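Worksheet for the structure shown next.
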Amino acid sequence: MKKCLWCKKNETIVSFEKKAHTIPKSLGGQSYNNNVCDSCNEYFGNRNNHNGQYSIEEALKEAFNISRKRFLKENPKRKVGRFKSKFFEVKSKNGKYSLTIKPSFRFSAQFQKELCRAFKRGLYKMFLEELNRQKDIGYEKKFDFIREFARYNLDDLPIIYFRRSFGAFLMFDREAETPVLYFDRMKYLCSDDKFIEIEFLGHVFGFPISYVDEKEFEEYLKKSVKAKEGFFHDFVMLTKLTDIDLALSVLND
Ligand SMILES: [Zn+2]
């Protein structure tokens, strides 16, 4: 019997009629998770369930679409429209791209904080749905804290973003078109039973997938940074989206 990955209600109580994209369709995502009920699916996609301005899924899409367009633009044969974003401005000067927040939002401290939280919840959502789709796990109690954060907006979970040293990285031809979430593509991705690292559109994120103490966090970071030597120069605990190299300035030069 079907059971929802988020609310854990089964199909005698909730319906499973709509297709739930694990990666937003507007980002080119083509995979579905069949274990997301209609009401949870609607929750992530509807801005009125969030702050009335944008939904959890939209926060994710607005951010990653900038990177996606940047990759598509790398291919000269391809016609890509202007970078259009609700929140960001992408400027291009002599083939170099940079990212700023739109003036209408720039001076609101609350805006950055709220957008970053929505993005983090969206990333955890995408992660758990893809984990479930790819590896057939995710209902375990140890993932409840992800459900609480992503679906029920409780607590705050950390996400670490690793900054690349240079722009030569592996992307399949169609990957920008139809982005894929990778769990173990490269040797520098450092996952164990307490932490996971994912790669998406050239970006590498790490986060805990179980309760960890400070010491475990430190040890993980040490191990992870070592595995990334030569590829990444540092990391940051995400507090605002401009911490992420969304415009892929690492490809400039
Ligand atoms: Zn549900």
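Laboratory data are not the source of any read-out in this text; all were calculated from the coordinates shown. Note that the structure is a prediction, hence the values are computed from the model and not measured. Backbone-built Cβ (ideal geometry, glycine too); neighbour counts: all protein chains shown.
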Inset, instruction - Give the residues of segment 1-10 that are without any contact (Cβ under 8 Å) to a residue 24 or more places away in the chain and within 12 Å of the ligand (Cβ to nearest atom), sorted by residue number. - result: Asn10
Legend entry - Every pair of residues 6+ apart whose Cβ atoms lie under 8 Å, when the first sits in segment 228-250 and is on the phi > 0 side of the Ramachandran plot while the second is not charged (D, E, K, R): Gly230/Ser165; Leu248/Ser67; Leu248/Phe71; Leu248/Tyr97; Leu248/Gly167; Leu248/Gly202
Legend entry - Unmet criterion (only one of (1) in contact with a helix residue (DSSP H, G or I) (Cβ under 8 Å, 6 or more places away or on another chain); (2) within 11 Å of the ligand (Cβ to nearest atom)) for Asn65: (2)
Inset, instruction - Sort out which residues of segment 1-56 are part of a helix (DSSP H, G or I) and basic (Lys, Arg), and write them in order of number. - result: Lys25, Arg47
Inset, instruction - Could you tell me whether segment 125-136 includes any residue that is more than 16 Å from the ligand (Cβ to nearest atom), surrounded by fewer than 19 Cβ atoms within 10 Å (Cβ to Cβ) and not acidic (Asp, Glu)? - result: yes
Inset, instruction - Would you point out which residue out of Ala176, Ala150 is within 16 Å of the ligand (Cβ to nearest atom) and touching a Phe, Trp or Tyr at 6+ places or on another chain (Cβ under 8 Å)? - result: Ala150
